[in-house]
Amino acid sequence: MSHSGDLSGSAGSNQPELSRGQIALRLSGVTVSATIIAFDATIISTILPGVAKSLNGMGLYSWAAAAYFLAVSITTLAFGRLSDLFGRKSLMLAALLVVSAGSIIGGLAPNMDVLIMGRIVQGVGGGMLIGSAFAAPADLLPDPKVRVQWLALLSGTYAAASGVGPALGGFLTEAFGWRTAFFIIPVTACLAAPLLWLFYPARHRRMGRGLQMDWLGLILLLYALGMPLLAFEQFARPDSTWPDWLEWSLILSGGLAGVLLWKFEKTKQTPIFPVHILQTRSARLLNLSSMLGGAVMFSLIYYMPLLFQSSFKLSPSTAGLLVIPIVAGAPVGSMINGQLFRYFERPQYIMVAGALILASGCALLSTVTADTPLTRVALLMSLCGLGLGFLLSNYNLLMQMVVDHAEVGVGTALIQTTRAFGSAIGTTLVGLAVAHSSVFTGVRFSLIGCVVLCGITAYLTLNIRVPKASG
């Protein structure tokens, strides 16, 4: 069997049907890459305060976290499009080099400035991986009913690694020092790269004169995404020294860049962002739903631990343990979703169920107090995770079903980007609610808001129309 076959631009109609073993082998490097994406985002979350203190850079602490997520958010969509144009295999291999380089820079950093530079490089590598890895199954598996099970595996791997990452970072720091935590990513990349090189099929495209790099579109895209996200990040900081006029100027200028991007990309033969993928109602509803889902998901992950520690007086370790049920529930929901998908002519109903389960979890969490048994809190958090599991992998899959196969990378990346926007907006609004009231009142108010957003999500997904899955 040749491991480096060609993938045409079609949905794979000319490819022989693959066995489960062959699929697993070809996607093995992609699965390990999903682990790297999660480690990249989470592995230093528990050790960052100690790192900043060690480097005498507590004043730059927040930037070490924000720089990574900003870099990921503004690059994912561009690299998703590039993976459509030039192939996913080469981009994933390049991403492993970039993310490893960023990790090494961080691990060897003599001060916080260099550490932040390393985190930016890691973020670019993360955007490259996210923009290509989650679209990779579409190249091998044209049947959505088969693909959803492997997307569930990717989502589950990502979620599980997100839970393991902080604990692994803490263990390595305690055992060998904080610098060693940064080197787990290059080590993992050394496993992913050979698997991708040997087993993931290459996609070859003849580069004609019509295929030219859309540099102006790329600049407009990065600005339109980056400036509002930077402003939202500053809005969420109680200690921000930026004047309000500057933050609003960034949001407005980013919006203007988005308008220019929309008009300019319509004139390009190979645009970096093919805006026509949003011309269908289903694509718009999917991305709006993904934005709302991101707002709910990250509001829970970021602010429930704050509630547990500040209002319920739980220790940081206990508060962290209570977040694990969300991380554990999401892959369980994804796996169940993968099994149910084949039995539904309209898989949107599964997403409606997920939104309602998530709404129920948020509503019940709004009633917990310091006297609520921790087992009940953990069950409610797992209920939220289960609901998210029914949503997350389906966002990717349904978006891949409503766009042309030649644009599946940018379509999948767009879902990830709108989710990032939703998380930025959601966490900013919750932060403002907390700052203007109290942690208990602000978080409880946000949970009620999450219930409303879940209801809107259920309505939106019910109105999505996708082609019937084959098989």
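The values are calculated or read from the model by the stated rules, or taken from the named source; none is laboratory data. Since this is a predicted model, take the numbers as computed values, not measurements. As a convention, Cβ positions derive from the backbone with ideal geometry for all residues, glycine included, and neighbour counts pool all protein chains shown.
The helices (runs of 4 or more DSSP H) found wholly in the range 90-185 and carrying at least 3 residues that are within 21 Å of Phe79 (Cβ to Cβ) and not aliphatic (A, V, I, L, M) occupy 112-133, 144-176. On the stretch given as the range 234-273, residues that are among the basic types (Lys, Arg) and surrounded by 14 or more Cβ atoms within 10 Å (Cβ to Cβ) total 2.
Each residue in the range 273-313 was checked for being at pLDDT 90 or above and among the β-branched types (Val, Ile, Thr), and 1 pass. Residues of the range 52-67 that are part of a helix (DSSP H, G or I) and either at pLDDT 85 or above or basic (Lys, Arg) (or both): Lys53, Ser54.
Residues that are under 17 Å from Arg147 (Cβ atoms) and among the β-branched types (Val, Ile, Thr) within the range 333-356 comprise Ile336, Ile350, listed in sequence order. Checking each residue in the range 234-256 for being outside any helix (DSSP H, G or I), of a type in the set (Ser, Thr, Tyr) and at pLDDT 75 or above picks out only Thr241. Scanning the range 171-188 for residues that are of a type outside the set (Ser, Thr, Tyr) and either assigned by TED's automatic domain parsing to the domain that holds Ala330 or closer than 18 Å to Arg119 by Cα (or both) turns up Trp178, Arg179, Ala181, Phe182, Phe183, Ile184, Ile185, Pro186, Val187. Could you check, for the range 84-97, whether at least one of its residues is modelled with pLDDT under 85 and either assigned by TED's automatic domain parsing to the domain that holds Leu25 or under 17 Å from Ser393 (Cα atoms) (or both)? Yes, the range 84-97 contains at least one residue that is modelled with pLDDT under 85 and either assigned by TED's automatic domain parsing to the domain that holds Leu25 or under 17 Å from Ser393 (Cα atoms) (or both). Residues that are at pLDDT 90 or above, more than 17 Å from Ile464 (Cβ to Cβ) and small (Gly, Ala, Ser) within the range 334-384 comprise Ala359, Ser360, Gly361, Ala363, Ser366, Ala378, Ser382, listed in sequence order. Give the residue that is farthest from Met297 (Cα to Cα), with candidates limited to residues of the range 308-318 that are in contact with a Leu (Cβ under 8 Å, 6 or more places away or on another chain) and crowded, with 17+ Cβ neighbours inside 10 Å. Within the range 308-318, the match that is farthest from Met297 (Cα to Cα) is Leu314.
The single condition from (1) surrounded by fewer than 19 Cβ atoms within 10 Å (Cβ to Cβ); (2) within 20 Å of Val451 (Cβ to Cβ) that Gly294 fails is (1).
Quick check on Leu195: is it farther than 19 Å from Ala413 by Cβ and in contact with a Leu (Cβ under 9 Å, 6 or more places away or on another chain)? Considered against the rule, which asks whether it is farther than 19 Å from Ala413 by Cβ and in contact with a Leu (Cβ under 9 Å, 6 or more places away or on another chain), Leu195 comes out as yes.
Rundown of residues vs (1) surrounded by fewer than 21 Cβ atoms within 10 Å (Cβ to Cβ); (2) among the hydrophobic types (A, V, I, L, M, F, W, C); (3) assigned by TED's automatic domain parsing to the domain that holds Arg342, yes/no style:
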{"site": "Cys384", "(1), (2), (3)": "no, yes, yes"}
{"site": "Leu388", "(1), (2), (3)": "no, yes, yes"}
{"site": "Leu392", "(1), (2), (3)": "no, yes, yes"}
{"site": "Leu398", "(1), (2), (3)": "no, yes, yes"}
{"site": "Gln416", "(1), (2), (3)": "no, no, yes"}
{"site": "Ser423", "(1), (2), (3)": "no, no, yes"}
{"site": "Ala433", "(1), (2), (3)": "yes, yes, yes"}
{"site": "His436", "(1), (2), (3)": "yes, no, yes"}
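Checked against the criterion of being part of a helix (DSSP H, G or I) and touching a helix residue (DSSP H, G or I) at 6+ places or on another chain (Cβ under 8 Å), the candidates Phe273, Phe264 yield just one match: Phe264. Ala189 meets the conditions (1) closer than 20 Å to Gly126 by Cβ; (2) at pLDDT below 90; (3) among the small types (Gly, Ala, Ser) in every case but one. The failed one is (2).
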